[in-house]
Amino acid sequence: MQTGSLWRKQLCFNMILLLSLLFPLWAEPAVSLEEDTTFTLEGKVRHLAVAPDGVYIATEEKLYQLSHNLTPLHCPTLRGLSGGEGQGDASLHCVSERELWKSNFTVNVLLPFVANKTLLICGVTEKKPRGYCEVLDLKNISKVLHSEDIQVGPLMQSDASISLLVELEKNPPQKETYILTAIQQDPNKPSTRSDAKTINLQNTLEAQDGGIFSLTEDQTFTPVIESKGTVEFVDGFQINQTIYILSNVDKNKVRLLWLKASKSKEETLESLEAATLNISGWDGSRLLASSVVPGGERVLWSGVFCVDRGQTNTQLVLFDISPPVINNPNKEPDFYFKKPPTNAQRTLKSLTAETVLYKQNSMTSVLAVRQKTWMVFFVGTADGQLIKLVVSQNYKVLCPEVLYKPCDECKVFPRMQLDPVDQKHIYVPFEKKILRVPVSQCSKYKTLQECWGAQDPFCVWCGSNNSCMFEVDCNSSNWLSIPEKPQKKMMTYKVVKETTGRIKLVVQIHATVGENMKSSFACRFSAPLDNIDSSSQFPQCTVVLPSHLFLAAEGLSSTLNVTFGKGWVTEQVHLKNCSRIHEHHSSSLCQHCIRAGCTWTNNRCSWAREGDQTDSVCQKTSSNPVSEEPVISSITPSNVSFHGRNGAVLSGRNLQDVIGVRIQTDTDCNQPESPVWNNNGVNLTFNIPSSEKKGQVNVCVLLPDGSCHGNARITYKSEPICRDISPRISWMSGKRKVFLNGSNLEFVEELSYIHPSHVLHDINIKNKTIEFHTPASATPQKVTVYMKVANKTLECPKKIIYYPDPKFTNFKDAGKGNDVQVIIQKKGDKLDIKKEELSVWGIHDEKEYQCIMEAKESSNKTDSFICEIKNIGNINFKQLKIKYGDTTVVLKQPGAQLWMLLALLLVPVITVVVLIVYRNKQRKLTAKMNRFMENLELDIRNDIRQGFVDLQTEKADLIENVGAIPFLDYKHFAAKIFFPEGEALMALCIKDIGPDGVKVELDNCCQLLFKLIEDKLFLTSMVQAMEEQKSFGIKDRCSMASLLTVALHSNLTYLTEVMEVLLKDLMHQKSNAQPKLLLRRTESTVEKLLTNWMSICLYGFLRESVGQHLFFLVSALMQQIAKGPVDCVTGKALYTLSEDWLLWEAQNFSSLKLKVLFAVGSSGEVSEPLDVDALTCDTVEQLKEKILTSFKAKFGFPYNCPLQDLCVEYEKEGTFIPLQEVDASSEVIGEVTMLNTLTHYKVNDGATIKVLSKKTHPPVSPQGSVKDDENFSGKYFHLINPDVDEDQRKNPERKKLKVKEVHLTKLLSTKVAVHSFVANLFRSIKYYFDFLDAQADSMKITDPDVLHIWKTNSLPLRFWVNILKNPQFVFDLEKTPHLDGCLSVIAQAFMDSFSLSETQLGKGAPTNKLLYARDIPTFKQEVKAYYKLIRDLPPGQDADFKNFLREESKKHENEFCEAAALKELYKYVQQYFKEVSGSPPSSSRSASVAMRQIQILWTRSHEKAVCNRLFWQLMREHVNRELSATRKEEGCQQSRPELRGESQMDLCRSAETTS
C-alpha cells in the first residue's frame, strides 16, 4: 500500500507540473502580490468576515463568498420570509399574487465557524420584524445546512451591535463555542419586544444543552447581561480566557468590559468587570473603531477616538487593557447581571492611555498587526485613505505612508480584516466595494538603500535575490532589515580621540541582518583613506586616522562604500578637526559639528565619545534671535487637492526676509520646501507641493538662517472629478455656454481644449460647476476638455462634439392683441438649442424691437421657436435679427412678388426635371444603387462598431452558480471511452446492479479462453494474427482492444505488459518506416488499447482536480452562446468560437429583464418573482429554456416540471396572454412560417411572465412543440430568412445585405468571455514516457522530434483532446453540434501548442487557427520545457507502478461484466479462425499454435472433461514449443556475434522456420 501511495504522489506531481507549465495557454494574467484588487458589490456592505476558506460579505441584497484574491465563488440572494410561522427553509416560497415578496432580509450576524466548517448568518425581516438564522456550508454558502426562526442579535438593522464566537471551558480541556451578541440599547427609541437583552450567549450546535441558538442551559433561568441608558457597541474579541467588549455609554464615555470565560454561561456573564477609558485633556470622547495589537505580554489595544461632538477631530490612542489580577465582578453602574447594583455598590475603574499615536481628521477604521518588535497600524479615513503607521517599542511613530488614496471621497468602514492565509494583505471595506491591499510594497524599492530607507518592518533586502521583498519570501538567512530602534540614517560615523591621542573613525551600521549576511559585510574607503587599514565586523567599521590628515582647516572627504554581498550602500564622509569647529559661530554650527563626526555639548563642539548622537540635539540649540519674526495671517487658497496648487498667495507681516515656505507634514518626516517670489513684505507667492495623503498640514516660512516661523494650515483634499458636460454639443462658430459638472472643481486652475496647451480663458469656477464658452472649430469633430491642477493635467471622460451651425429658414409674424407673435423655423439638427440660448429682435424702419422667447416646438425635421414683441401694436416685420453665441443672423421675409416670380421660375424647372427623370431611368437606377451602398456602408459600420464595443467591454462574469457537477461514475465513463459508437457493447459490458441486471453465464470454451488469454505470448500472437486479416477492419480492432480491456480490467498489471509488447512490435514493424507517424491515428488494436489505458490511469485525477474546470468551461461556453441571438432552427449563434456556427445574418436585438412568476397549485397563487434575462429575438421555446436555467442557477435544483409540459403567459394591461411558438398571427413568407418571438408579442423590459404547468392548468388551445415536426427546418424559420421571393416589398429590411466577415469579431469576443474558464486540464505519466525513451534508444532513434511526437500522440492527443471534445464522456450532459464546434476550436489550439511545425498564417487562414495564433509560439517553448522536466525526473520504481495498477483494479472490481466481453471475444475467434489457421507458418508461428488450440476447444466443447484435459495438454505443448524456440534464437544469436539488432533476429527466425 505504501508503494502505491508513493506512485500516486509521483503521478500527481507530474500532473501538477504540466498544469503549471501550460496554464498560460488560457488562464488570465495572474494578479501581482503587491497590486490592489477591487471587487464591486451590489448594494451597501453590512458585514465583512474573513476565514481561511475565503471572504464573506453581507450586503443589503446578497451574500457573497469570494476567494482570498476576491474572485467570486458563490453569490446567493438573501432569503426572506414570506408569511406563515415556521417557514425558514430554502425553498421557493409561495405568496399570493397581491403580495409579491415585500419582505427584505437584513443580516445582523455573520460569523464563520471554522472549526465546524459552517457559516452562521442571522438577521431580521423588515416587514414584520422576526428573527431568522441559517447555517451554511463554509465552502459553498449556497448550501443551507440548517434554518430556524429565532432571534440572534438585534431585532432591527443596527450598526452599533456586535457579535463574535467565544470559547468556554465547559469540560476542560475541551472547549465549546458560543455566539456572544452585544445589542445596541437606546431608551429614546421605541423598542421591539425581544427575548435578547444587552449581552447574550447562544449555542452554535444542536448537541449543546437547549439546542442550536438557544439562550438557556436549562429551563429555569436565562443568563443575560442588561444595561441602563444608551449603549453602543464597537468591538469585541477574546484573548485566552478573557473576553473584551468595547462600547460607548451615554454618548461621551468609552467603557471596556471584561468577561472571564468559565464553565457555564451563567458563570461567564456573572464575572462582568468594567473600566472607563480616559484620554488626557478631554472630558469626554467616543470610540469609532478598535483593534487589539496581537502578541506581547501585555494586552495592548488601539482605538480611534472622536474628542469632539462631531467625527472630525479624531485621534489614534493606545491603551493597556490587560484584565485586572483580582476579579471584582458585578459592580459596574451601567451593566448588570440579574439585578442592577445599588448606589452604594457602584464602583468604576479608570484606565489612562499609554500614548496618543496619531492625530488625523476623520479617521474611521484601524487594524493593528505586529511585525517582529514593531507595531504596524493601518488607519482608514472618511475620505477613503488607507494610512500605514509603523510604531517602535517605545511608541516612536515613523513617517506615515499612504497605501491607498482614492480620487473621490469614499468612507472606509470600521472593520478592516487581515488576510489569515498569507498575512500580507488587508481587506478594506467601503460602501459598495471591497479592496484587497498589500500591507507593503517591497518590490518598488530597487536598491538596498531604498529598501532600508522605506523604514518598513515587513521588507528585507534579500542578498540571495538581490531585491527587496517580504522576509518569508527570502529563502535563506541572507537578509537585512531596519533595526529594532528607529534610525534616520543607515550609517552614522564619529571621530573618537582616545586618551593616547590616537584618532579613529568609527562607522556604525543601523540594521538587523541574518546570519549569512554578516559574513559578507565589508567597508571600503576612497582616497585619501583607501590605503589605510580598516577593520570590519558587523555592525562597525573602524579606521585609525593619521594625525597629519587633520592639519588642514578644510579637513578631508572620502567616500565610504559598505557592501553586503551583491548589495551596497555609499556615504560621503566629511571629517574635520573637532577642536577647530568654533571659528565662525552661527546658528548652524551645531549641524556642522554633528556632520563632521563630532559631539555637541554645552554649546560647543568636541571630540566624539562612545554612544550615538544625532542632529536632534541641534533642535534644542537656540538660533540667533530675530528682531521681528515673520507672522502668517492667511494663505489663499487654503484648501487644495493632493496634487498641490501653483501660485498660492501667503499674506502676513515681516515677510521681507522669507526665502521659502516649508510644509510640515509630520514630525521628523520629509518636509518639502517651496521657493517664493513677488515678496513685498506683506504678500508673497509660492507653489503648494503635492502630498501623498489628504488632510491638514502646518505651514511656516523659512529665513536664511534655517529657522522656520509662523503657523498656518493647508488642507489637502481629493482631486477634481469631471462627471458630465452639459450640453455636450456645440455649433462650429463657438461661444456656446457649457457647464462642466463634478466635484472639487474649485481646485481647477485652468481649463484647456483639444490639447492641454490650448488654455481656455474667461472661465467661471465654482465648487461643483465650471462655466465656460466653447471656442470655434473649423470642422465637425470631437474634442477633449482638460483640467489643470498644479502640475497635473486631468482629462475629462466626456467629450464635446461640434456640428455645423443652425440653419434658420423663415419666420411668420401675427398680431396678438397689442403684441406681435413671431414663429421662427429652423432645420432639424443635433444641436438641441434651448430657447434661452437665442436672442431675437424684430427690425422695422431700421429700429430693433426685442422679441421675448416663449417656447420651442420640435418635429422630425423642423424646430420652431416662438417669441413675442410686447406692446408694439399691429406691425408686420420684414426682418429678424437672431443671435446665438457670438454669431448674428439676419432673416428676411420674402414679398408676394418674389413668390410669384419664384413660382414662374419653378414651373419650367420642374418640367425639365420630370422630363429628365422620365427619359433617364439609368441615372435614377444609379442614384438608387448609391443610396443602397450608403445604407450598406452604414450597416457595416454599425456592425463593426458593435463588434468592437463587445470586444472591449466583454467580461468573464458568466458563471455564478452551476450547482453540483454531474460527474458520471467510473464504469459509465470508461464504457463511453471504450465503446464511443457501440452502445450495444457498452450495455453488455457494464454490470448493472438491481433486478434488471442480466447475469451472463460462461460456457466451458469461454472459461478456457479466459485462461488462455492470460498467456502473454498467446494473446499477443492472436492479436497480431487477426490484424493481418484484411477483413479485420479498424472498427473490429478497436472493439477487440476494448473487449480485452474489459476482460482484463481485474488485472491491469498484466494488461499493461501486453500493451508494452504490442507497442514494441508496432514500433519494429517494417511498415513504420516513418517513426514520426507512429501513434498518430488509432488504426491498430494496441493504439486503441493505449487510449483505454490512459483513461483508466487518469480517471481519478480527472474526477478530483480537472473535472471542475472542464465543467466550468463547458458551462461558460453554453452561457456565452445563450447571451446573444441563437437561431432556433439551425442552432447558429452570434456569440461562438466556430465560424461555421456564426449567426452573421442576425437582426437587431436588445436585452430584457423579465419578472417570472410560477403558478402554485390551482387557486391562483404564484411564487416569488424570479429575474430572468432574455432577448427580444428569443422564441417562446427559448424563453422557457432560459426560465428553467435561471431557476436552477438561483435555487440549486431543477424545476419540477419538464419543458414540454410548460406554458407561459404574458401580463398585458392586467390580463395574461398565452405565448405560443406559432399561432394565427405568425408571419408567413411563402410556405415558411416564422416562429413567434418576444418582439412579435411586444414584450417590454420589466414585463411579468407567468409559468404554468399543462397538467394543472391545461391551455385553451393545446399545442405541442413544433420541433416534433419531421420537417421542422423546412416549414419554419427564426432568424435566418428563408430564400423566397414573394412578399419582399412588405419587409424590405429582411433582405438587407449582410457581410459575414464583419461579425468575425464575435469569435474573439467569445474567446475573451470564456478566457478565465478555459482552465488547464492536462497531465502526463512518467512511467510511460520512460518506456518510449527506452524504445527509441533500442531502435537507435536520435532525432528528438520523434520522441516529442510519440509523447504528444500518446497523452495529449489520445486522452486530453478526446475528453475536451467529448465532455459527455465525463458528465451527464448533452453535447449539441454547436458546442462540439466550439470545443473543437479549443482542442485544435491545444494540439497546435504541441506541434513542432511552424504554421504561417495569412489573411485566408481559418479563423479557428487565427484566434490563438499569437499565443501558440510561447506555449510551444513551455511544452518542450515540460517534456524535459519529466525526462529529468528520477525514474519510478516498477513495483510502485504495479501496486498503483493493482489498486486501480481492486477499486473498480465488479463494475464490468468480464463474461460478456469474453463471449464477444470468442465470437471474433470463431469468425476469423479459418483464415488464421490457414495462414503460412512463417507469418505467425505462435498464432498458428494458439488458433489450433482454440479449434479443438471449439469443436469439442460439448465434452467438458475431454476439453479440460486437452486444454492443459495443448497449453503445455504450446509453452514448451515457445520456450524451445526462444532458446534456439538465443543460441543462434550467441553463435553469430558479428550480426546485431534486427539483422541477427531475422536470420535466426529464418533458420528456425526452415528447421
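The values are calculated or read from the model by the stated rules, or taken from the named source; none is laboratory data. Computed from a prediction, not measured in an experiment: that's the story for all the values here. Cβ sites come from the backbone with ideal geometry, for glycine too, and all protein chains shown count toward neighbours. All accessible areas refer to the heavy atoms of the entire protein, side chains included, with ligands and DNA or RNA removed. Shrake-Rupley method; radii C 1.70, N 1.55, O 1.52, S 1.80 Å.
Scanning the stretch 719-744 for residues that are basic (Lys, Arg) and farther than 16 Å from Ile763 by Cβ turns up Arg723, Arg728. The set of residues from the stretch 1224-1234 being in a loop (DSSP other than H, G, I, E, B) and of a type in the set (A, V, I, L, M, F, W, C) comprises just one member, Ala1224.
Do the conditions hold for Glu1447, that is, is it over 34 Å from the mean Cα position of the chain (by Cα), modelled with pLDDT of 70 or more and open to solvent by 40 Å² or more (accessible area, probe 1.4 Å)? No: the conditions fail for Glu1447. Only one of the listed residues (Leu760, Leu740) is surrounded by fewer than 19 Cβ atoms within 10 Å (Cβ to Cβ), of a type in the set (A, V, I, L, M) and in contact with a strand residue (DSSP E or B) (Cβ under 8 Å, 6 or more places away or on another chain). That residue is Leu760.
Evaluated against (1) under 15 Å from Leu120 (Cβ atoms); (2) among the hydrophobic types (A, V, I, L, M, F, W, C); (3) not in a strand (DSSP E or B), Val144 falls short on exactly one condition, (3). Only one of the numbered conditions (1) crowded, with 20+ Cβ neighbours inside 10 Å; (2) farther than 28 Å from Phe1277 by Cα; (3) modelled with pLDDT under 85 is violated by Leu1157, and that is (3).
Over 26 Å from Lys1254 (Cβ atoms) and of a type in the set (Lys, Arg): is that true of Lys1132 in this structure?
So Lys1132 passes the test.
In the set (1) over 40 Å from the mean Cα position of the chain (by Cα); (2) of a type in the set (Gly, Ala, Ser); (3) open to solvent by less than 70 Å² (accessible area, probe 1.4 Å), Ala1224 fails one condition alone, (3). Considering the stretch 763-796, and only residues there that are farther than 15 Å from Pro720 by Cα and under 35 Å from the mean Cα position of the chain (by Cα), the residue that is most open to solvent (accessible area, probe 1.4 Å) turns out to be Lys782.
Kindly evaluate Glu1221 against the criterion of being acidic (Asp, Glu) and assigned to a strand (DSSP E or B). For Glu1221, the condition - acidic (Asp, Glu) and assigned to a strand (DSSP E or B) - is not met.
For the stretch 382-437, the set of residues classified as crowded, with 19+ Cβ neighbours inside 10 Å, in a loop (DSSP other than H, G, I, E, B) and among the aromatic types (Phe, Trp, Tyr) consists of Phe413, Phe430, listed by residue number. Taken over the stretch 151-166, the criterion of being in contact with a Phe, Trp or Tyr (Cβ under 8 Å, 6 or more places away or on another chain) and over 17 Å from Leu288 (Cα atoms) is satisfied by Val152, Leu164, Leu165, Val166.
One residue stands out among those in the stretch 1041-1054 that are crowded, with 22+ Cβ neighbours inside 10 Å and touching a Ser or Thr at 6+ places or on another chain (Cβ under 7 Å): the one that is nearest to Phe979 (Cα to Cα), which is Ala1041.
The C-beta contact set for the stretch 676-696 (first residue open to solvent by 60 Å² or more (accessible area, probe 1.4 Å), second residue of a type in the set (Lys, Arg), distance under 7 angstrom, 6+ apart or interchain) comprises Val682/Arg653; Gln696/Arg713. Selection of first residues in the stretch 648-660 that are more than 15 Å from Ser634 (Cα to Cα) and of second residues that are surrounded by fewer than 17 Cβ atoms within 10 Å (Cβ to Cβ) and among the acidic types (Asp, Glu), restricted to Cβ pairs under 7 Å at least 6 apart or on distinct chains, gives the following pairs, ordered by first then second residue: Gly660/Glu673.
Ala974: modelled with pLDDT of 60 or more, in a helix (DSSP H, G or I), within 45 Å of the chain's Cα centre (by Cα) and among the small types (Gly, Ala, Ser), yes or no? Yes. If you go through the stretch 663-673 and keep only what is buried (at least 17 other Cβ atoms within 10 Å of the Cβ) and either more than 21 Å from Ala454 (Cα to Cα) or among the charged types (D, E, K, R) (or both), you end up with just Asp666.
Among the residues of the stretch 1014-1030, those that are crowded, with 17+ Cβ neighbours inside 10 Å and either among the polar types (S, T, N, Q) or over 58 Å from the mean Cα position of the chain (by Cα) (or both) comprise Phe1018, Thr1020, Ser1021, Gln1024, Ala1025. Taken together, the criteria exclude Lys1153 from residues that are of a type in the set (Lys, Arg), touching a strand residue (DSSP E or B) at 6+ places or on another chain (Cβ under 9 Å) and in a helix (DSSP H, G or I). The set of residues in the stretch 571-588 being at pLDDT below 80 and over 16 Å from Ser547 (Cα atoms) consists of Ile581, His582, Glu583, His584, His585, Ser586, Ser587, Ser588.
In the set (1) more than 46 Å from the chain's Cα centre (by Cα); (2) within 28 Å of Asp762 (Cβ to Cβ), the condition left unmet by Val682 is number (2).
Applying the criterion of being open to solvent by 10 Å² or more (accessible area, probe 1.4 Å) and aliphatic (A, V, I, L, M) to the residues of the stretch 497-529, the residue that is farthest from Ser476 (Cα to Cα) is Ile503. With a requirement of 2 or more residues that are among the β-branched types (Val, Ile, Thr), at pLDDT 80 or above and closer than 25 Å to Glu176 by Cβ, the strands (runs of 3 or more DSSP E) lying completely within the stretch 53-124 that satisfy it span 105-113.
Taking the listed residues Lys1184, Lys1212, the one that is basic (Lys, Arg), surrounded by fewer than 16 Cβ atoms within 10 Å (Cβ to Cβ) and under 15 Å from Leu1238 (Cβ atoms) is Lys1212, with no other qualifying.
Look at (1) within 30 Å of Thr1176 (Cβ to Cβ); (2) at pLDDT 80 or above and you find that Leu1143 fails only one, number (2).
Of all residues in the stretch 320-331, those that are closer than 18 Å to Ala261 by Cβ and modelled with pLDDT of 80 or more have Cβ atoms under 7 Å from Cβ atoms of residues that are of a type in the set (Val, Ile, Thr) and surrounded by 15 or more Cβ atoms within 10 Å (Cβ to Cβ), 6 or more apart or on another chain, in Ile321/Val299; Ser322/Val299; Pro323/Thr242.
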